[in-house]
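The values are calculated or read from the model by the stated rules, or taken from the named source; none is laboratory data. Every value quoted in this text rests on a predicted model; they were computed, and no experiment measured them. Because the Cβ atoms are built from the backbone with ideal geometry, glycine has one as well, and the counts that use them run over all protein chains shown. Heavy atoms of the whole protein, side chains included, go into the accessibility calculation; ligands, DNA and RNA do not. Shrake-Rupley method; radii C 1.70, N 1.55, O 1.52, S 1.80 Å.
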Amino acid sequence: MNLSKAWSLKSMEGDSSIQDTLGDLLETLLDAAIVVGDDTRILASNASAYDAFGRNGAPLEGRRLSEVIRDFSLHDAFRKALSSGLSSEIDLELIGNETRKYTVRIAPINISGMTAAIGYFHDFTRIEKLERIRQEFLSNVSHELRTPLTSILAFVETLEDGAIDDQENGARFLSVIRRNAERMQRLIDDIQELTSIESGRILLEPRQCDLHSFVEDIFLSLKAKLSEKNITLVNEISQGITVFADPVRLEQMLVNLIDNGIKFNRKGGHVRVATTDSDQSTFVTVTDTGEGISSEHLTRIFERFYRTDRARSGDIGGTGLGLAICKHLARLHQGEITVTSSFGKGSTFTIELPKQL
Ligand code: ADP
């Protein structure tokens, strides 16, 4: 807080107790606060104001408000407070490297007979972003639940209308209902999982995992999914390679990537799992010979609910949450997950796992 320095601009020496009190008060605010004198120069500011508007290490005090924040409505509000004693509230949007949004409350103050105005800058950028994410999330969830639910209701209605008496069709409709209910269940499980990870409720229990046999076991568990497209799974991991990871979470990541490699593959394609190594990390790669992912989608597929049009429209299944979960799990391991893809030829997903957590 540079209030005492600022106050020396105005001959307020001798009133140090007021300066100190005001200084202490401004500094307790989480919001940025700026006090402007009647010549529109900044008399005082707090650390939050400096963080928000300061540049090149130069103090805000002594500078004109218009040099520090270029916004006509803000200056107008300060001028009204200084000349007419009017308080006001304005919304301010500052476009820089990152756009920031504030609600600013400006009020006149009288400090030991001197006219000044104070502005409190409440930054609501983060709240607005969280609100947008919340709304998007709710709209995605309801959209994703509605599709299977509509199908379930339609088939129940058909059964009620008489199809239940036709044994063969009845059984077929029941299996459609079951498939859609399972899809809803998967979605809810994935949402719960993502929520647990994001809220920090998941603790890792890492240990050395033998990667070759680990991947063999996953291949076995996915065997049933291979026949339809005649996909071959190839374990290229040498015997004896270990990674330091939580086995449950590592399995979750690999199952998701290999399962995607199968789902988005062509008939007779391959999914290969391999490793490479650096001093600090082991890189586990899952490569498929599928349709690949175009660059417009590549940057977005780790977002929650993001699926390419093809994944949405085809009967491929999936919640669009698997990769978002994988990304969080890799980061919980202090690692990362990345993707490269050649459209039409296939994709490689890489999980980086540090050798020590
Ligand atoms: P989903 O449950 O839909 O598989 P994911 O989060 O695992 O959800 O994947 C998100 C989207 O990324 C998929 O719907 C698909 O569009 C794309 N995708 C993921 N893996 C692959 C892959 N191996 N090949 C092509 N597209 C993929």
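Report the residue count in the stretch 180-233 for those that are under 30 Å from His143 (Cα atoms) and small (Gly, Ala, Ser).
Start the filter on the stretch 180-233 by keeping residues that are under 30 Å from His143 (Cα atoms), which leaves 180-202, 222, 224-226, 228-229.
Next, only the ones that are small (Gly, Ala, Ser) stay: 181, 196, 199-200, 224.
Final tally of qualifying residues: 5.
If you go through the stretch 214-231 one residue at a time, how many are of a type outside the set (A, V, I, L, M) and either open to solvent by less than 30 Å² (accessible area, probe 1.4 Å) or not in a helix (DSSP H, G or I) (or both)? Walk me through it before giving the result.
As a first pass, look at the stretch 214-231 and keep what is of a type outside the set (A, V, I, L, M): 214, 216-217, 219, 221, 223, 225, 227-230.
After this cut, where a residue has to be either open to solvent by less than 30 Å² (accessible area, probe 1.4 Å) or not in a helix (DSSP H, G or I) (or both) as well, the list is 219, 227-230.
Count: 5.
Determine whether the stretch 94-109 contains at least one residue that is over 30 Å from Leu130 (Cβ atoms), at pLDDT 90 or above and either open to solvent by 50 Å² or more (accessible area, probe 1.4 Å) or not in a loop (DSSP other than H, G, I, E, B) (or both). Let's see the steps before the verdict.
Our first condition is that a residue be over 30 Å from Leu130 (Cβ atoms); within the stretch 94-109, this holds for 108-109.
If we keep only those that are at pLDDT 90 or above as well, we get 108-109.
If we keep only those that are either open to solvent by 50 Å² or more (accessible area, probe 1.4 Å) or not in a loop (DSSP other than H, G, I, E, B) (or both) too, we end up with 108-109.
Yes, some residue in the stretch 94-109 is over 30 Å from Leu130 (Cβ atoms), at pLDDT 90 or above and either open to solvent by 50 Å² or more (accessible area, probe 1.4 Å) or not in a loop (DSSP other than H, G, I, E, B) (or both).
Just give me the residues in the stretch 264-305 being within 12 Å of the ligand (Cβ to nearest atom) and in contact with a helix residue (DSSP H, G or I) (Cβ under 8 Å, 6 or more places away or on another chain), in sequence order.
Phe264, Val271, Val286, Thr287, Asp288, Gly290, Glu291, Ile301, Phe302, Glu303, Arg304, Phe305
Test of understanding: among Ala33, Ala47, which residue is farther than 15 Å from Gly119 by Cβ, of a type outside the set (Lys, Arg) and either at pLDDT below 90 or touching a helix residue (DSSP H, G or I) at 6+ places or on another chain (Cβ under 8 Å) (or both)? Full working, then the answer.
On the way: Ala33 fails: farther than 15 Å from Gly119 by Cβ.
Every option except Ala47 fails the conditions.
Out of the residues in the stretch 166-213 that are without any contact (Cβ under 8 Å) to a residue 24 or more places away in the chain and part of a loop (DSSP other than H, G, I, E, B), state the one that is most open to solvent (accessible area, probe 1.4 Å).
Arg201
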